[in-house]
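First the structure, in the form of structure tokens, and then the observations on it.
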Amino acid sequence: MDHSEAPVLDALAAYQAKDQLPFTPPGHKQGRGADPRVRAVLGDALFRADMLAVSGLDDRTMSHKVMERAEVLMADAVGAEHTFFSTCGSSLSVKAAMLSVAGPHQKLLVGRDVHKSVISGLILAGIRPVWVDPQWDTGLHLAHPPVPDAFRAAFEEHPDARGALVTSPTPYGTCADVGAIAELCHRRGVPLIVDEAWGAHLPFHPDLPTWAMDAGADVCVTSVHKMGSGLEQGSVFHLQGDLVTKDTLAARADLLDTTSPSVLVYAALDGWRRQMVEHGRELLTEALARAHRVRAAIQDIGGLHVNGRADFCGAGRAADLDPLQVFIDLSDVPFDGYTAADWLRRNHHINLHTSDHRRVNAQLTYADDDITTTRLLDGLRDLVAHADELPAAPDIRLPDPGELRLHQATLPRDAFFGEVEQIPAERAVGRICAEMLTPYPPGVPAVLPGEVLDQAVVDYLRGGARAGMLIPDAADGTLDTIRVSVRDVDAD
């Protein structure tokens, strides 16, 4: 196929060249109605490119097949059979994938380290999750992806499960053995969904972890805005094989998707695909070399340790690692990750991604260069130089793996939509939680609706909130109170 084409961008240029006059939404009419103060910040070009997909980018009947051609090109670029664009982020895309595999009260094997968007999908669909435990690393205090044997055991116990869902790469850049998990699923004639939100770049370089479609997944969800050049909310999900049909996946996506998609987001997805086909290998080769140099330079800063394959991969850990996710362990300095992230933003205008009680994360992409990485390294050196001036890391009581694994007493949907009450946290122990409690980022819920709260997890979340942990989905972000079901644990 001719990947020099960019159907969405070409249609945008043609619309503007023909001086099309809209009597349709959006109401700003190519920016003419936008407040000049808004235009001064966002730019006129943004408003000129903001138009309807139907009777705008394409005609009333979509006869030019602009979007269809763009999606076909994307599928060809990565070797998928079918591809769908989404302007609602992978949070929507993964829900569409889940609804294509299982329905209300049907079982789906789900890694317990999934993003909160997957839990939202369980709530909306009424799917009955069969939790597959990740590999808890008690030394590093994080979860590595579940191993194939854990999925095998779950299938043996729940042979009626309709499929499986695994997150790979995780927000820590660690990857599951997707190929082995896909083989387990296919032996049983059921599909594998991979939430590969952090892996849109993987198909475009051989030195990166194997991407989900090449590993045999049936549906793969990617966030181009995370590691690619898409705009925020730009997501692409891919399909292959016959265990999920194209029509089924399209219908489920249509059920959830907006009827007013952003052409801006579509255009960025289309242009990124062309960029990757034409220059992706070169760009990523340079990015990987830069990441290697940055990792070595950070390791040379006293008190800082960069997590690498030796920490994250091997027996009992992850199968692979994306080196562009640079996680910095702070165990040998007196401050925590929350303090480090806040100090770097305040003093160096550097924004890090993940921060927790003992680490921070700098996400590198092919957009970084010597200027950006030099600023990062200078900021980290200055951070360590001011270590004695920073508040000491608070003592956060971290549960052991057994305490983290809560009992699922009811379906997530039943707890979330059932009758609830907001009670003091100390009285919530032993009660069924009716909300998600999610340290963010990375956005993996510590507690789900329907799980029974225990003392260790309540203490961990309350201590974390006091230390600076952000829990944005809690009704009470301080965790002084927690929303619980009025239903008794033993009501079933």
Using all C-alpha to C-alpha distances in segment 401-491, build P(r) with 5 Å bins and read off the rounded percent in each one.
3, 16, 29, 28, 17, 6, 1, 0
Dividing the helical contributions, -39500 (n - 2.57) per DSSP H run of n ≥ 4, by the residues of the chain yields a 222 nm value, nearest 500 deg cm²/dmol, of -11500 deg cm²/dmol
Tell me, rounded to the nearest percent, the portion of alpha carbon pairs in the chain spaced more than 31 Å apart.
48 percent
nm² value of the averaged projected area, convex hull over the Cα atoms of segment 422-469
3.2 nm²
Going fewest to most other Cβ atoms within 10 Å around each Cβ, Ile119, Ile350, Ile371 line up as Ile371, Ile350, Ile119
In the neighborhood of Pro7, defined by Cβ-to-Cβ distances under 12 Å, what is the net charge if each Lys or Arg adds +1 and each Asp or Glu adds -1?
-3
Among Thr374, Pro334, His353, whose Cα sits farthest toward the positive end of the charge dipole of segment 328-381 (+1 at Cβ of Lys/Arg, -1 at Cβ of Asp/Glu, about the Cα centre)?
Pro334
Which value results when the Cα radius of gyration for segment 280-389 is divided by 2.2 N^0.38 Å?
1.06
With the charge dipole of the chain built from beta-carbon charges (+1 for Lys and Arg, -1 for Asp and Glu) about the Cα centre, the Cα from Ala474, Val54, Val166 projecting farthest to the positive end belongs to Val54
Would you mind giving the three semi-axes, in whole Å and largest first, of the ellipsoid equivalent to segment 59-266 according to its Cα gyration tensor?
27, 19, 16
Can you tally the net charge around Gly316? Count Lys and Arg as +1, Asp and Glu as -1, for every other residue whose Cβ sits under 13 Å from the Cβ of Gly316.
-4
Please state, to two decimals, what the Cα-based radius of gyration of segment 1-93 comes to when divided by 2.2 N^0.38 Å (N = residues).
1.24
Only Lys, Arg (+1) and Asp, Glu (-1) charged, at Cβ; segment 289-414 dipole about Cα centre in debye
280 debye
Going from the fewest other Cβ atoms within 10 Å to the most, one would list Lys18, Lys226 as Lys18, Lys226
Once Lys and Arg are counted +1 and Asp and Glu -1 for all other residues with Cβ under 9 Å from that of Cys433, the total becomes 0
DSSP beta bridge pairing in the chain, given as percent antiparallel to the nearest 5:
65 percent
With the Cα gyration tensor of segment 324-468 giving a ≥ b ≥ c as the square roots of its eigenvalues, does the rule (a/c under 1.5 for rounded; else a/b larger than b/c for prolate; else oblate) give rounded, prolate or oblate?
prolate
Restricting attention to the alpha-carbon atoms of segment 34-165, what are Rg (one decimal) and Dmax (integer), both in Å?
21.0, 63
What do the square roots of 5 times the Cα gyration tensor eigenvalues come to for segment 128-191, in whole Å, largest first, as semi-axes of the equivalent ellipsoid?
22, 13, 9
Rounded to whole angstrom, the alpha-carbon centroid of segment 133-188 lies from that of segment 414-432 at a distance of 30 Å
Calculate the dipole size of the chain relative to its Cα centre from +1 charges on Lys and Arg beta carbons and -1 charges on Asp and Glu beta carbons; express the result in debye to the nearest 20.
820 debye
Residue farthest toward the positive end of the dipole of segment 401-491, with Cβ of Lys/Arg at +1 and Asp/Glu at -1: which of His407, Phe417, Leu461?
Leu461
At a 10 Å Cβ-Cβ cut-off, how would you order Ser355, Ser331, Ser117, Ser93, fewest neighbours first?
Ser331, Ser117, Ser355, Ser93
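All of the numbers you see were taken from the coordinates with simple rules; none came from a lab. Every value quoted in this text rests on a predicted model; they were computed, and no experiment measured them. Don't worry about glycine lacking a Cβ; one is built from the backbone with ideal geometry, like all the others, and counts go over all protein chains shown.
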